[in-house]
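This report refers to the structure that appears directly beneath it.
The values are calculated or read from the model by the stated rules, or taken from the named source; none is laboratory data. The shown structure was predicted, so the numbers you read here are calculated from the model rather than taken from an experiment. Because the Cβ atoms are built from the backbone with ideal geometry, glycine has one as well, and the counts that use them run over all protein chains shown.
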Amino acid sequence: MSDVVEKTLTALPSLFDSQTGAAKISNRLKQLIKSITELTSKHDEESLIKQELSAMKEQVSAPSTSMKQMREIMVRSMYCEMLGYDASFSYIHAIKLAQQGGVMEKRVGYLAVSLFLSEGHELLLLLVNTVLKDLQSTNLIEACMALTVVAQVFPKDMIPAVLPLVEDKLSHPKEIIRRKAVLALYKFYLIAPNQVQHIHAKFRKALCDKDPGVMTSSLHIYLQLIQESPDAYKDLTGSFVTILKQVVGGKLPLDFNYHSVPAPWLQIQLLRILSLLGRDDQSTSELMYEVLDESLRRAEMNHNITYAILFECVKAVYTIHPKAELLEKAARCIGNFVLSPKINLKYLGLKALTYVVQHDAKLALQHQMTIIECLDHSDFTIKRETLELLFRITNAQNVSVIVEKMLDFLRSCSDEHTIIHLAGKVAELAEKFAPDNSWFIQTMNDVFSIGGDLLQQDISNNFLRLLAEGSESKEEDDQLRLYAVDSYLTLLNGDASHLPQRFIQVMSWVVGEYSHLQECVDQSEVIRLLMKLLEQKSVSSETRVWILSALTKISDGQTDLILELAESISSSQDTILRQQAHELRHLSLDSKLHEWVLPRGAAWDDMEVDSSLSFLDGFVSEALAAGAAPYKPPHQRQEELCEQRALNLEPYSFSLPVSLSSCSITDRHSPTLLSVSSGLSGNSTELSQKAGASTLILEGVKRVWGKDGYLPQKETAVTASPVDEPSAAVQPVGQQEAAERLEPQPEPSTQTNDKQQLASSLFVGLSTQSSTSLLGKSEAPPPRFRKKPRPHGSSLSSSSSSGTSEKSSSSRTSHNTTDSFLYGSLLEEEPAGFDHTPKSITANGLGQNKDVKEDRRTNTSQILGSDMVIVRPNTIQHNPSTSSDLTTLLPADLKDLPHSDVISLTSDPSLSVSSCRVFRDEALLLVIFISNSTETDIRDVAVQLNCDQLETVSLRGNIVDCLEGRSVSVCHYALLMDDPHTNVSFTGSVSYQIQPGHTNTLSFSGTLSTADFIRPLVVTTDEYGKLWLSLSHDVKQNLKLLTDAGDPLQTTLNALKDTLQLHIVDIIGSEGIVACRLLSGAPCLLHCRVNGSALAMWLRSPLPALPDCILYHCQRALAQH
Amino acid sequence: MIKFLLMVNKQGQTRLSKYYEAVDLGKRAALEADVVRGCLARRKEECSFVEYKDYKLVYRQYAALFIVVGVTENENELSIYELVHNFVEVLDKYFSRVSELDIMFNLDKVHIILDEMILNGHIVETNKNRILAPLLALDKMTES
């Protein structure tokens, strides 16, 4: 490979004088490049680039600068940006260059635009005109570069402006233009799928294009589409198989070869598509066995690229419905990889094995010695991949050996990302397969001390929840808890200064909650240990809160010690700590109250929460009567604060007029509720402003929103409810402290060198467990720690959706045979494959014929797939072309309501049935159009609509006595959804008579989603707050955050609003509140907070299943973006 | 999917960078430094793939120049490894015996070639003649 590049930097001086490359370049660029190569330090670089930038700034604004010079300036800007320096002044000039330059300058202008401007940049709008002009240019090169830039960056909102032009290019005589047009449409599909919904048929045409390049580009679209809904494209399986066959058979022109392998990347792409289509589908899989077999056979050449194809092939063989013969060949292939002396192949083999053992764990057995060798391999990547493989084959018998290996690796690893990832896996395995309590606790101790504060929050949350919720048997639970307590007390007795914060938090919670189980340990000893922790400087204030909570729980009967402690903390600067100290003191003085608030060992399920806080009513009215200010929700206080900010010189004070200890009680389960204090200090701010106290404490003033959402709820919930839901047991902890990891512990057991012995312990249980696992995963042994089933189940909705998908797949497979026949003839008539021969005209004719058929098919598939275009008022203006003529037939009173596209449901020679959804506030109207496609009258037309999960009311028009030729009858149904379902399918039939006495029926079906039944709920922030408090059922999920354009929160919420008809109530900083309702019924409140790169969403609704449905659609909507 | 492609020399100087997913200008330098460090630390006999955050890095060395591609977990590393070579072969064909300096002096053209091969993180063309066709046409028009 080094012969490709043999001139290196050593040849530098001579090159500057020589003719190559440098000759044509002007002085300034040459100078810059030369200086860059000579750079020795970061400092030099900085001063050089600064100089360069200011020189360029001057140059671009000089009127004498020619386009040619401008091109060179652009290249120089690229250099500056490449080195990480901002050259944003040149962006506008890049656009100008694309607009005004000659071809080469234009290309460089476009290139600079694509490098400088990311999607959503406002300057991109200025590019639209230039692109439009170039798309219409007769100069192929200009059209070509315009299409290239459109496929790279283009403002989403302006797609309609160029879409018709791009569509036209699909039938351009030049292959390169057609190819680029397909790629541009692919880009449009990625950023705005709704906009290209209507050209799916054209994608099919691109797939049968006579040029292989155009066909290849269309595969990108299909891979995407099939990933989203494989069932809708099963009919294309035959085509893909035929294409792959031809590629593998060498039917492509020779210049598509790479090292004598025909179009390898195309083969890989096709194999990926096929494996998606064949997954869990026997009849589709059967279509591809032959070509997969051939691919495996053909790829015998000794070259990396054939191995890459083989890898994809093996994956496909194991993904689709299994066939023994192919599996055997694929397994042999993997064997060759794993045993290969070439390290890259070994890696690929391990990766393939990791994928395959999910389906057939036995395969790992065959290679156990190799796997053991890889485990001790000097290459980090190989080791890491081997651990991944071991993770997949872990079972109850080999878990301790495998976990030991993983922990060993973790101890010697310094890469943060790997630690987070792998520690999570260890925790998962430990929970699933732990052989006994002591092992489980010990392993989790290792995870916490090695992973430290890098660990993901849910690891400690899950662990604590597991301890708290327990299993069926209380005795076993207590044993586990007891073990944990013992283990932690031992640890705390030692040197605890190096323990990670997260670990200390977990320990203090467990000790606080369960140390009473250990009867032989004196509680005062436990208190002493916890107090010792508090004294340590390294303990963060967040951890202190956890420790104090633990102390509060076990303080009973140790009044002296506790009072002393409370005293010492009550002067702390930290308001939360101070508040806790108050609570602690109060509770320890009143043991009755303590017993009532923190009952020892009480079961979690029995707790009741009075979310309306009715018991505080008396207190509130008393306070009001005594002159206290009425309660204001935090956002209102925020607003007032903002108004006052300009000239408010009064300091804030922390003296609370209300005695905290009298009304607030430690939240038993969530010691880190920072919100407790911020909510209260919010109140205090206001009050103390009047009081005009003198200390300036700003802490908590701006915290209007807490980690768990709206603070008033927390504030009140905490003061009110000593008992909270178990799910609140472990609250997300705020900022992570810097990683503080343990010194690697000494290896506990000395593994004998005998690898054989290791192998037997690693691979134990695999053979028996998976002897019959050809058809998928073998049954896993039941996890040791079974969590109690959670009350809210969404199984109903998921089962209903899978039902519909099965139905649709079966209806489609019948098309396959005719289709592959068509393709076969299309391509086989031309042995040369894709040349421009006269014969291709006939081939084209066939192709078009096929298009017509496919058009109809795509229509039906649109109904079956639930991703219909929903034309709502806000989108309709962008896309007027999608609404078909039938919408004009909508009754006058419905026309102005938001409605969907008209979709054809079914048709026969005499009738065709289409539907349109109209979104009324109180119901979904399903408007059904029955059009008579014949010239004669049709009599006794009756429509029947069935849907088990919905309440359906026929409004009008479902029986028509006589439907005249070429006329359309409209009937509608009002549909109500009482119980939320993610997707609901409906079926129906139309019966009619052409000749008297002969009744024909035509049946149709379709799917509706919850999204159709969601309406915006318009409330003020105030009302939202109240409503939020009145609801208690909480569902939480992290969603993807759209970061492609502008403010991520705003973008994401808008995206959700567009697909789901939500009402965005308010956005404050990084949090947003959104409301909607199920028709005019139950509301659902969404509270979103930006959390790093994710959007944490809490949902509350009186209907337990509604948040699940809405979450499902939110995830879908974001995934489509 | 391909997340980025970098050409970096042994000294850690970036010669070409192309991101297929927006990365802040400020964060690029750190990412590139990390990536180069990760690749330089590896020995010849170790495999050409390294884990880096959520990505896999596929790297290939030509003389003093590293070409590093960041890909997602589901990508076929070996096919990317060969794609890099195909890219270099295309460059070699265009510049006839390409060197690091050719790349530096013709940054714009290298980008134009790359744009033909990879778009939005997907491999869109691998046929050498077709990759070079637009650029050669441009050259011809500029000359005349």
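At-a-glance table
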{"read-out": "Qualifying helices (runs of 4 or more DSSP H) (wholly inside region A:264-370; at least 3 residues being over 24 Å from B:Ile123 (Cβ atoms))", "value": "A:282-298, A:324-339, A:343-356, A:362-366"}
{"read-out": "Any hit, region A:154-163, residues being within 12 Å of chain B (Cβ to nearest Cβ) and either more than 21 Å from B:Leu107 (Cβ to Cβ) or in contact with an Asp or Glu (Cβ under 9 Å, 6 or more places away or on another chain) (or both)", "value": "yes"}
{"read-out": "Matching option when the condition is among the polar types (S, T, N, Q) and within 12 Å of chain B (Cβ to nearest Cβ), among A:Asn304, A:Asn336", "value": "A:Asn304"}
{"read-out": "Residue within region A:174-194 that is away from chain B (no Cβ under 14 Å), assigned to a helix (DSSP H, G or I) and within 29 Å of the chain's Cα centre (by Cα) present", "value": "yes"}
{"read-out": "Test for A:Leu348: is it more than 14 Å from every other protein chain (Cβ to nearest Cβ) and buried (at least 23 other Cβ atoms within 10 Å of the Cβ)", "value": "no"}
{"read-out": "Single condition A:Leu117 does not satisfy, out of (1) buried (at least 17 other Cβ atoms within 10 Å of the Cβ); (2) away from chain B (no Cβ under 13 Å); (3) of a type in the set (A, V, I, L, M, F, W, C)", "value": "(2)"}
{"read-out": "Filter result for the condition that a residue is closer than 21 Å to A:Gly349 by Cβ, at the interface with chain B (Cβ under 10 Å from one of its Cβ atoms) and of a type outside the set (Lys, Arg), over A:Leu292, A:Leu296, A:Leu310", "value": "A:Leu310"}
{"read-out": "Filter result for B:Leu114 (touching a residue at least 24 places away in the same chain (Cβ under 8 Å), surrounded by fewer than 21 Cβ atoms within 10 Å (Cβ to Cβ), more than 7 Å from every other protein chain (Cβ to nearest Cβ) and within 11 Å of the chain's Cα centre (by Cα))", "value": "yes"}
{"read-out": "In region A:1031-1081, the residues that are within 16 Å of A:Leu1111 (Cα to Cα) and in a helix (DSSP H, G or I)", "value": "A:Thr1052, A:Leu1053, A:Asn1054, A:Ala1055, A:Leu1056, A:Lys1057, A:Asp1058, A:Thr1059, A:Leu1060"}
{"read-out": "One residue from A:Leu1039, A:Leu1079, A:Leu1095, A:Leu1008 being of a type outside the set (Lys, Arg) and within 28 Å of A:Gln636 (Cα to Cα)", "value": "A:Leu1095"}
{"read-out": "Region A:128-149: number of residues that are over 15 Å from A:Glu105 (Cβ atoms) and crowded, with 19+ Cβ neighbours inside 10 Å", "value": "6"}
{"read-out": "Flag if A:Lys202 is in the same structural domain as A:Val248 (by the TED database) and either surrounded by 19 or more Cβ atoms within 10 Å (Cβ to Cβ) or in a helix (DSSP H, G or I) (or both)", "value": "no"}
{"read-out": "Selection from region A:1085-1115 of residues that are buried (at least 24 other Cβ atoms within 10 Å of the Cβ), within 17 Å of the chain's Cα centre (by Cα) and assigned to a strand (DSSP E or B)", "value": "A:Cys1088, A:Leu1095, A:Met1097"}
{"read-out": "Selection count where residues are under 18 Å from A:Asn129 (Cβ atoms) and among the aliphatic types (A, V, I, L, M), scope region A:152-191", "value": "9"}
{"read-out": "Odd one out for B:Asn106, checked against (1) more than 7 Å from every other protein chain (Cβ to nearest Cβ); (2) more than 26 Å from A:His220 (Cα to Cα); (3) not β-branched (Val, Ile, Thr)", "value": "(1)"}
{"read-out": "Odd one out for A:Gly997 among (1) in the same structural domain as A:Leu926 (by the TED database); (2) part of a strand (DSSP E or B)", "value": "(2)"}
{"read-out": "Criterion (among the small types (Gly, Ala, Ser), more than 8 Å from chain A (Cβ to nearest Cβ) and either closer than 16 Å to A:Phe116 by Cβ or surrounded by 16 or more Cβ atoms within 10 Å (Cβ to Cβ) (or both)) met by exactly one of B:Gly26, B:Gly38", "value": "B:Gly38"}
{"read-out": "Scan of region A:519-548 for residues that are touching a helix residue (DSSP H, G or I) at 6+ places or on another chain (Cβ under 6 Å) and in contact (Cβ under 8 Å) with a residue 40 or more places away in the chain, ordered by number", "value": "A:Leu529, A:Leu533, A:Ser540, A:Thr543, A:Val545, A:Trp546, A:Ile547, A:Leu548"}
{"read-out": "Of all residues in region A:989-1047 being in contact with an Asp or Glu (Cβ under 7 Å, 6 or more places away or on another chain) and in contact (Cβ under 8 Å) with a residue 60 or more places away in the chain, the one that is nearest to A:Ser1101 (Cα to Cα)", "value": "A:Val1035"}
{"read-out": "Residue satisfying condition, being within 14 Å of another protein chain (Cβ to nearest Cβ), closer than 14 Å to A:Gln1115 by Cα and either touching a His at 6+ places or on another chain (Cβ under 8 Å) or surrounded by 19 or more Cβ atoms within 10 Å (Cβ to Cβ) (or both), within set A:Leu1060, A:Leu1042", "value": "A:Leu1042"}
{"read-out": "Criterion: at pLDDT 95 or above and small (Gly, Ala, Ser) - qualifying residue of B:Ser99, B:Ser79", "value": "B:Ser79"}
{"read-out": "Residue within region A:30-37 that is under 23 Å from A:Ile95 (Cβ atoms), modelled with pLDDT of 85 or more and more than 8 Å from chain B (Cβ to nearest Cβ) present", "value": "yes"}
{"read-out": "Qualifying residues in region A:86-114 (those that are at the interface with chain B (Cβ under 8 Å from one of its Cβ atoms) and not in a helix (DSSP H, G or I)) - the one surrounded by the fewest Cβ atoms within 10 Å (Cβ to Cβ)", "value": "A:Asp86"}
{"read-out": "Output for region B:1-18, where each listed residue is without any contact (Cβ under 8 Å) to a residue 40 or more places away in the chain, more than 9 Å from chain A (Cβ to nearest Cβ) and within 22 Å of B:Glu77 (Cα to Cα)", "value": "none"}
{"read-out": "Matching entry among B:Leu57, B:Leu91 (being facing chain A (nearest Cβ under 9 Å) and crowded, with 20+ Cβ neighbours inside 10 Å)", "value": "B:Leu91"}
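Conditions (1) more than 13 Å from chain B (Cβ to nearest Cβ); (2) of a type in the set (Val, Ile, Thr); (3) within 22 Å of A:Val314 (Cβ to Cβ), marked per residue:
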position	(1), (2), (3)
A:Asp231	yes, no, no
A:Asp235	yes, no, no
A:Ser239	yes, no, no
A:Leu244	yes, no, yes
A:Pro253	no, no, no
A:Ala263	no, no, yes
A:Ile268	no, yes, yes
A:Arg272	no, no, yes
A:Leu277	yes, no, yes
